[in-house]
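Let me give you the structure first, and then I'll get to my questions.
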Amino acid sequence: MSTRPTFERFDADWARKAMERSPSAKGIDGYLGIRLETFEPGRLVASFPVTDEIVTMIGNIHGGCVTALVDHVLGVVMYPVMPPKSWAATTEFKVNLVAPVSSGVVRAEAEIVSMSARLAVVRVEVTNTFTKPDATAETTRLVALAQGTCTIVAPKG
């Protein structure tokens, strides 16, 4: 992706604990089995396995599963770089779904591209790694591109 901004803080302990607690036991992230894989200042990689229970009758997962992953990483990437006790609220995002997903692993890489005291813009690239039925090697392809805005809500004082 592009050059990332620098951040005044990175709460590595928060990021480590979030990674240890993933996948969550509840919520959409728990249902999909979203696992946080890599956490760096302004960058997060997370994924979920494609399971039979989320594959539709036509053989692909619903775009809402990919979109839920995008929404999840859009906010979570913010927490270690925001002031303590702040929270991120997704204000808007746009997703271009560019390829179907039928099996394998869906992975999102989120990067903060701009951040002020009140707003952040995050880009997310989503890929799918899978093995074709007639192949032995894995294939990875782009399945979605997204960009969104998060509002940073300061703690009540």
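³J(HN,Hα) across region 66-80 via Karplus (A = 6.51, B = -1.76, C = 1.60, θ = phi - 60°), whole Hz, x for Gly/Pro?
5, 5, 5, 4, 4, 4, 4, 5, 4, x, 4, 4, 7, 4, x
Now for a separate question. Order of 39-50, 140-151, 94-105 by packing, highest average Cβ count within 10 Å first?
The packing order, highest mean first, is 39-50, 140-151, 94-105.
Another question about this same structure. Could you derive backbone 3J(HN,Hα) for region 11-24 from the dihedral phi with the Karplus parameters 6.51, -1.76 and 1.60 (θ = phi - 60°), listing whole Hz in sequence and x where the residue is Gly or Pro?
7, 4, 5, 4, 4, 4, 5, 4, 5, 5, 8, 9, x, 5
Just to be sure I understand, if you calculate semi-axes √(5λ) of the Cα gyration tensor in Å for this structure, which of [x] 26, 21, 15; [y] 37, 15, 13; [z] 29, 16, 14 do you get?
Computing semi-axes √(5λ) of the Cα gyration tensor in Å and matching it to [x] 26, 21, 15; [y] 37, 15, 13; [z] 29, 16, 14 gives [z].
Moving on to the next point. For n ≥ 4 DSSP H runs only, could you compute -39500 (n - 2.57) per run for the chain, divide by its residues and tell me the 222 nm figure to the nearest 500? The partial results should precede the final answer.
Values: 3 runs with 29 residues, N = 157.
When only DSSP H runs of four or more count, the value is -5500 deg cm²/dmol.
Something else now. Within region 1-75, which GluC sites (Glu not before Pro) sit in a loop by DSSP and count at most 11 neighbouring Cβ atoms inside 10 Å? Walk me through the numbers before you get to the answer.
Details: sites: GLU8, GLU20, GLU37, GLU53; in loops: GLU8.
Sites meeting the loop and neighbour criteria: GLU8.
Each reported figure results from applying straightforward, stated rules to the coordinates on display, with no laboratory input. Remember, predicted model here, so these are calculated numbers, not experimental data. A quick note on method: Cβ atoms are made from the backbone with ideal geometry, for glycine too, and the neighbour counts reach across all protein chains shown.
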